[in-house]
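Asker: Sharing a structure here in structure tokens format.
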Amino acid sequence: MIKRLKGFILFRTLVVTILLGSFYIFRISYGTTVYPAGFSFLIASLYMLTIIYIIALRWVKSASGYTVFIYIQIINDIIAEAILLYVTGGIASGFAFLFPLTIVASSILLNRKACFIIATLCSMLYGMLIGLQFFEIIPVAANFGGNAKEYFYNIFANITAFYLIAFLSGSLSERLRKTAKSLEEKNIVVNDLQTFRRDMVESMPSGVLTINMERKIITFNTSAQKITQYNYDEVAGKTPEEIFPFLAKAETEFERREGDIYRNGKKIIIGIRFSILRDSSGNSIGQIGVFQDLTELKAMEAEIRRSMKWASIGELSASIAHELRNPLASLKASVEMLREKKLSGQHADHLMEIALSEMDRLDNIVTDFLLYAKPQRLNKTSFDLHQSLKDVIMLLRSSEPDRKNVTISVNLPGKLNITGDSEKLRQVFWNLGLNAINAIAENGTLNIYTDKQDDKISVIFHDTGIGLSKEDIERIFDPFYTTKDGGTGLGLSIAQRIAEEHNGKITVKSGGKGTGAIFSVQLPVNNNLP
């Protein structure tokens, strides 16, 4: 409001200076009377009023005060225009166009209703002035010489124009005000939304940065500055690789990456992931990166691994002692009885067989334990997984002649190349297949097939055997845990270890005893092993 009011005062000053000033300079006259003194007085009065308006503007504070102040100025302008019209010839004057300017100004500064009020005042003054001139009640410098019809037509045409201008300018100004209000409300919403987004990003505990299409950093939130110990001015305009050097070694642009940065002599472990940043139209405008400080988390993980390692060593030692005690006890008893030499040859031979059997069992336990405790380096090659499985299945069928009632169903179409240690994976498949066959009593089925999803492959062994209890599933991969007689309890532990060395894992499902079991070896197709 105050800006429009100041603009109105300035506009009036320019109009007065240009029109009345030029009129005074060229000393334009009408009829026999010349009005330089009258023009001088009018110009001086308008300039004086302008000064008064500017001074009074300081004391106008309320909205109602502004409205009254505008009405005072506009009414004074109408009176000044009527005086100008009178001294310049009345109906013959060329300054009747000033009334519409005042009407338009009222529509801008006030409202549509006020615009019609001002149009009415202009019409009354104009009609009264021309009427007084027609009836020669007031003397006018110029002699128009027209008849009553021409006077009436002039009054009618101008008053009609005043109201048309009031209607059009009032409607347009009202529409502009509504549009301006709507835009202002939208700007407020947009500003609030921008503030909310900025506050949200600044309040995130994770570091957030954005880069433009030239891969230059343009935002770097508060958490990012705390994590990296860089302030915004230090990173603005740089590439992410300059702040996080390990990003340069990434094989794909949007994979999650972890690496170290060093700041002020301190090592900071960072985990970061980038995604595409799009505008409202869905067009790519850069990237957004979200990262965390993993230093404390990695330290906690290392501490947990150390604790678990010592706990595992203790548990493993107890399991080894338990597993070795039984065959050693049998072996000791057999040797002591043989030492007494009181047994017949048949009994002595039987004890000797027991002793040899327990020694073989001890050897198996030690061999499996060494495989579990000290895994060998992987011999990574690319091989046909389906062919490797077919070889294992052939051995399973030929090595268990007493299992002729077990049907091994195979679904391994075509070739499926993966990267890994084929011999170690065969050991895994052999172990799972043999366990499944041993779990089947009679007339059962073992289904072996693969399932490829994206970059992962699952080798599935689904048997119709005795199944596993919930407790069995929870402990099935623990060292020395077994559900069958004569086993070392390390086979599945070794198999899981081999799968993990291939960046995979073995999962097991079973509905309980008597429902069979499903073992799934999940492996990556392209295994980038060291």
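Bear in mind these aren't lab numbers, they're just calculated from the coordinates by the rules spelled out. For clarity, every value in this text was computed on a predicted model and none was experimentally measured. A quick note on method: Cβ atoms are made from the backbone with ideal geometry, for glycine too, and the neighbour counts reach across all protein chains shown.
Asker: Taking amide H positions as placed 1.01 Å from N in the peptide plane, with prolines and chain starts having none, which residues 5 or more places from I418, or on another chain, fall under 5 Å of its amide H?
Answerer: Under 5 Å from the amide H of I418: F383, L385.
Asker: On to the next question. Using the 10 angstrom Cβ neighbour count as an exposure proxy, how do L492, L356 rank, fewest first?
Answerer: Fewest-to-most ranking of L492, L356: L356, L492.
Asker: Oh, and also: Relative to the present Cα-Cα distance, how much length would full extension add between K238 and K226 at 0.36 nm per residue of separation?
Answerer: 2.5 nm
Asker: Taking the beta-carbon count within 10 Å as an exposure proxy, list I159, I52, I2 from fewest neighbours to most.
Answerer: I2, I52, I159
Asker: Output ³J(HN,Hα) for segment 82-94: one whole-Hz value per residue in order, computed from phi by the Karplus curve 6.51 cos²θ - 1.76 cosθ + 1.60 with θ = phi - 60°, and x for Gly and Pro.
Answerer: Per residue, the Karplus-derived 3J(HN,Hα) values read 5, 4, 4, 4, 5, 6, 10, x, x, 5, 8, 6, x Hz.
Asker: Next up: Please list 3J(HN,Hα) in residue order for segment 412-429, calculated via the Karplus relation 6.51 cos²θ - 1.76 cosθ + 1.60 where θ = phi - 60°; whole Hz, with x for glycine and proline.
Answerer: 10, x, x, 9, 8, 7, 9, 10, x, 8, 4, 5, 5, 5, 4, 4, 5, 5
Asker: Then there's this: Starting from the Cα of Y71, step 7 Å along the direction of its Cβ; do the same at R377; then give the gap between the two resulting points in nm.
Answerer: For the pair Y71/R377, the computed spacing is 9.9 nm.
Asker: Once both labels are modelled 7 Å past Cα along the beta-carbon direction, what's the D360-M300 spacing in nm?
Answerer: 5.1 nm
Asker: Over 24 Å between Cα atoms: which of K266/K298; K238/K266; K3/K61; K298/K452; K456/K513; K113/K178 fall into that group?
Answerer: Pairs exceeding 24 Å: K298/K452; K456/K513.
Asker: In terms of modelled amide H atoms, which long-range or inter-chain residues lie less than 5 Å from the amide H of I457?
Answerer: Result for I457 returns L523, V525.
Asker: Suppose R0 equals 35 Å. What FRET efficiency, 1/(1 + (r/R0)^6) with r the Cβ-Cβ distance, do F97 and S182 give to the nearest 0.05?
Answerer: Here the calculated transfer efficiency is 0.60.
Asker: How long are the semi-axes of the equivalent ellipsoid of segment 381-524, taking √(5λ) for every eigenvalue λ of the Cα gyration tensor, in whole Å from largest down?
Answerer: Over the Cα atoms of segment 381-524, the ellipsoid semi-axes are 23, 18, 14 Å.
Asker: Can I ask one more? Can you give me the long-range amide H partners of T407? Hydrogens built in the peptide plane at 1.01 Å from N, cutoff under 5 Å, separation of 5 or more residues or another chain.
Answerer: For T407, whose amide H was placed from the backbone, the distant partners under 5 Å are G444, T445, L446.
Asker: Please compute the modelled spin-label separation between F41 and E442, points set 7 Å along Cα→Cβ, answer in nm with one decimal.
Answerer: 13.6 nm
Asker: So what are the ³J(HN,Hα) numbers for segment 230-236, from phi and the Karplus equation (6.51, -1.76, 1.60; θ = phi - 60°), rounded to whole Hz, Gly and Pro as x?
Answerer: Running phi through 6.51 cos²θ - 1.76 cosθ + 1.60 with θ = phi - 60° gives 10, 8, 4, 4, 6, 10, 4 Hz.
Asker: Moving to a separate point now. Grab the Cα-Cα distance for A248 and R475, subtract it from 0.36 nm times how many residues apart they are, and report the gain in nm with one decimal.
Answerer: Taking 0.36 nm per residue and subtracting the Cα distance, the gain is 77.5 nm.
Asker: Order by neighbour count: T88, T195, T445, T482, fewest other Cβ atoms within 10 Å first, most last.
Answerer: If I rank by nearby Cβ atoms, fewest first, I get T195, T445, T482, T88.
Asker: Hey, can you rank 232-241, 261-270, 289-298 by average C-beta count inside 10 Å, highest first?
Answerer: 289-298, 232-241, 261-270
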